[in-house]
Amino acid sequence: MDEREFQQKADRALSEIYSAVSRAADDYGFEPDFSSGALSIEFDEPPGRFVLSPNSPVRQIWVSAHATSFKLDWDESRKEFVLKTDGRTLRELLEEAIGRQLGQPVQLT
């Protein structure tokens, strides 16, 4: 995949996840912000911050959450970014990370 194609896929994936996070923000009490191609999610209680950003040179989306960096690759057969180690999608990873942060199950729709 060339850089232009990666950027299109990453922009679409991050825009879709931003929409889902924005719909859930009021219900779960966090604040998303999508600017300059990166998505950040701020938590007041307990305090924390997650960052999702594309990394064009390696064609991955990186997620920083809970002092861990997750690197997701494009899976052509699934048509989405997934974590190679266990196959979780970007949405699944984020639902789990937000749920862990808040201490309750979270569903992003």
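Listed values, structure above:
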| quantity | calculated |
| --- | --- |
| Selection status of Thr68, of a type in the set (Val, Ile, Thr), farther than 22 Å from Phe6 by Cβ and out of contact with any strand residue (DSSP E or B) (no Cβ under 8 Å at 6 or more places or on another chain) | yes |
| Residues of the stretch 21-58 satisfying the condition of being closer than 17 Å to Gln104 by Cβ, in contact (Cβ under 8 Å) with a residue 24 or more places away in the chain and more than 10 Å from the chain's Cα centre (by Cα) | Arg23, Ala24, Tyr28, Gly29, Phe30, Phe43, Pro46, Gly48 |
| The stretch 19-62, residues that are at positive phi and among the charged types (D, E, K, R) | Arg59 |
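Read-outs: derived from the displayed coordinates by stated rules, not from any lab. As the structure is a computational prediction, the values presented were derived from the model and not from experiment. Glycine also receives a Cβ, built like all others from the backbone with ideal geometry; neighbour counts cover every protein chain displayed.
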